[in-house]
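The values are calculated or read from the model by the stated rules, or taken from the named source; none is laboratory data. Here the structure is a predicted model, which means the values were calculated and not measured. With ideal geometry, Cβ positions are generated from the backbone for all residues, glycine too; neighbour counts draw on all protein chains shown.
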Amino acid sequence: MFRRDFLKYSAITSASLFYSPLSVRAKDISAPHIVICGAGYAGLSVAKYLKELNHNIRITLIEKNKQFVSCPFSNAYLAEVYDVTLQTLTFDYAKTMKKFGYSFINEEVININRNKKEVSTSTHTLSYDFLILCGGIEYDYNALNLSTKLCEELKQKAPAGLKPPFEHQQLKHMIETFKGGNFIISVPNGNYKCPPAPYERACMIAHYFKTHSIKGKVILLDPREKPAAKSKEFLDVFETLYKEYIDFQGLTHFKTIDFATKKVTVEHFDKDALEYKEKSIPFECANIIPPNKANGLIALASLELTSEGWAKLKEPTFQSSIDDSVYILGDAQGQYPFPKSAQMANSSALQVALEINHTLLNRPFDYRNNSLGNICYSFVSNTQAVSIAHTFTYEPHIKTTSMISPIDEGTALSAKLWYEGLTSTILG
Ligand SMILES: Cc1cc2nc3c(=O)[nH]c(=O)nc-3n(C[C@H](O)[C@H](O)[C@H](O)COP(=O)(O)OP(=O)(O)OC[C@H]3O[C@@H](n4cnc5c(N)ncnc54)[C@H](O)[C@@H]3O)c2cc1C
């Protein structure tokens, strides 16, 4: 059943994984306890796969949000395409836990004591044999070097929209009440959640403007010369489908914003003068995405971080660089060149579940024989999408190969199947 579900949503990804289920009988081990913090794509995936591989493990998943709301497909929700609504993005944790049979605590993790191997919420303290941290990303507004007051204003008036559901609802409201002018999307420096998301969002907003005859322009401010993902494909789409609606401004750094005069200040590379020059751009609405870093769970557990603020791991594993009993999955990891995607989180979760199960059985696990895969879809209109598939092999360090699909209706259909397959696999 597990294998069938997994194959259903990603032929490419599953083909790159060597799946060898090892079932454990009750007498083999004495019910180890695995605590998973964060029930997003990574946490739900690893909980499901561990339970599937080994019914005798005790699993407790801790999550602070009341419901699961998906980020994948949230850009389609903004543009009201593919029948995506807030309801279709939202899933009930209680139903999932009942179906898969692991324990769930709906509270925030507020303390992690690695010496005692304990995790605490406001009402529980749990001991663990293995701890898996799946907290995702955190916004790093401090890195913008703006006043605290302005950062607060940014959060309220120009939400980043990488965390569901309120920021997505705010963005949708901004789009629906937009009367015309510039809609600014600022892409952050460094690694961030879902590299193609801002460009997909630009396409979805432009599609909305086009179909609702709104005289608006999406201005994409990007510190890079080209989009961070699917660059050729997005630039082609901006030039063809949305020539009147999207203005991609590469080598452009967001500096500050003035909500009173409605102007954004940027530093833009002047190719004639060969230097960065300041300029201001008027706006009606803005979606300013600050730099990202690993969620606070990593610091709470006093684990090692990279200089960019992501969790350091012990290669080639997903164990923390300084503690073998702690694993870090999903967007928070910064050791490997993996895109911060739901599919990547899911693929890594399967590997970690297999590894932990091997460890419990005292069997060696070779990461090098269990390569990871990723596939990431982006909608560019109400009928078409483009995808990128990655495979990662160990030679001896991780080598990435990628393949981009055509921009077409078939890819949009595959995207829907992928989403339905993944969500039904991990949420039931
Ligand atoms: C607009 C957008 C579109 C995207 N589209 C795609 C796509 O098409 N395909 C794709 O593969 N990926 C896509 N992604 C990326 C994908 O959403 C992320 O990569 C994925 O969610 C990462 O999973 P995660 O489990 O690491 O983090 P998350 O899914 O963010 O989950 C982290 C969880 O941890 C919880 N948590 C954090 N701290 C605590 C605490 N102290 N106590 C308790 N709980 C805590 C949070 O509440 C959250 O539920 C998209 C992202 C965005 C923003």
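Structure above, values below:
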| item | result |
| --- | --- |
| Filter pass, Ser231 being closer than 24 Å to Ile375 by Cα, of a type outside the set (D, E, K, R), surrounded by 14 or more Cβ atoms within 10 Å (Cβ to Cβ) and not assigned by TED's automatic domain parsing to the domain that holds His390 | yes |
| Scope region 56-66; condition within 10 Å of the ligand (Cβ to nearest atom) and surrounded by 20 or more Cβ atoms within 10 Å (Cβ to Cβ); matching residues | Leu61, Ile62, Glu63 |
| Qualifying positions in region 67-91 - farther than 14 Å from Met204 by Cα and near the ligand (Cβ under 10 Å from one of its atoms) | Gln67, Phe68, Val69, Ser70, Cys71 |
| Within region 311-424, strands (runs of 3 or more DSSP E) holding 3 or more residues that are away from the ligand (no atom under 11 Å from the Cβ) and either of a type outside the set (A, V, I, L, M) or outside the structural domain of Ser70 (by TED's automatic domain parsing) (or both) | 323-328, 385-394, 398-404 |
| Conditions (1) surrounded by 23 or more Cβ atoms within 10 Å (Cβ to Cβ); (2) in contact with a Cys (Cβ under 7 Å, 6 or more places away or on another chain): number failed by Gln333 | (2) |
| Condition met for Cys194 (at positive phi and in the same structural domain as Ile257 (by TED's automatic domain parsing)) | yes |
| Selection status of Leu144, hydrophobic (A, V, I, L, M, F, W, C) and touching a strand residue (DSSP E or B) at 6+ places or on another chain (Cβ under 7 Å) | no |
| Pick from region 174-198, criterion away from the ligand (no atom under 11 Å from the Cβ) and among the charged types (D, E, K, R), ranking: nearest to Lys262 (Cα to Cα) | Lys179 |
| Residue that is surrounded by the most Cβ atoms within 10 Å (Cβ to Cβ), among those in region 30-41 that are more than 19 Å from Thr121 (Cβ to Cβ) and touching a residue at least 24 places away in the same chain (Cβ under 8 Å) | Tyr41 |
